[in-house]
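S.K.: The structure under discussion is supplied below as C-alpha cells; questions concerning it will follow.
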Amino acid sequence: MPNGPARFLPGNHDLDFDATEREHSTDSFRQNLGAAYYSYDVGRAHVVATSNLDFPTKEDAAKGDYNGSLDERQMEWLRNDIENTPEDRLIVLAGHVPLLDFADQGSQKHQVDQVKEIYEILEGREAITL
C-alpha cells in the first residue's frame, strides 16, 4: 500500500546554475518535478511549499553563496494563499532554508530575509515550519 504522493520543493542542488535571472533558476526543477512553490490541503492542514533559496545568477556569482529569500511574486502569492485559507486550518510552511535558524542567526545563508513579513502573514494562525 503506498504512503501517498511524493511532493518536492527545490533545494541548493536543484538549481540551474547557468541561469541569468533568478526566475529561471528553477526551470529544470519545474520541468521535471513540478511547480517550485505550491500549496494543498490534507485533512485540517494547509501545506505550503516554498521556493526560498536565492542563489546568485551566473552574472552575480561574485556576490557569494546562496541566501534564504522569497521574491516579491512569491511573497504576494503567499499573502493571497494564506488569506484565502480557512482560519481553522493548521498552516504547515515548508522550505529548504529555515525561516529563522536560532543556532546561526548571524548568517543570512541559513534563514529567510522576509522572516518578519512571513510572521506577520501568519499572525494569529496556528502554524509550524519545516
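The values are calculated or read from the model by the stated rules, or taken from the named source; none is laboratory data. For clarity, every value in this text was computed on a predicted model and none was experimentally measured. Every residue, glycine among them, receives a Cβ derived from its backbone with ideal geometry; neighbour counts consider all protein chains shown. Surface areas here come from the heavy atoms of the whole protein model, side chains and all, with no ligands, DNA or RNA. Shrake-Rupley method; radii C 1.70, N 1.55, O 1.52, S 1.80 Å.
S.K.: Report whether or not GLU126 is over 26 Å from ARG30 (Cα atoms), in contact with a strand residue (DSSP E or B) (Cβ under 8 Å, 6 or more places away or on another chain), at pLDDT 95 or above and open to solvent by 80 Å² or more (accessible area, probe 1.4 Å).
M.R.: Taking the combined requirement at face value, the residue satisfies it.
Residues are listed down the side, and each one gets a yes or a no for (1) closer than 25 Å to GLN114 by Cα; (2) hydroxyl-bearing (Ser, Thr, Tyr):
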position: PRO5; (1), (2): no, no
position: THR26; (1), (2): yes, yes
position: PHE29; (1), (2): yes, no
position: TYR40; (1), (2): yes, yes
position: THR50; (1), (2): yes, yes
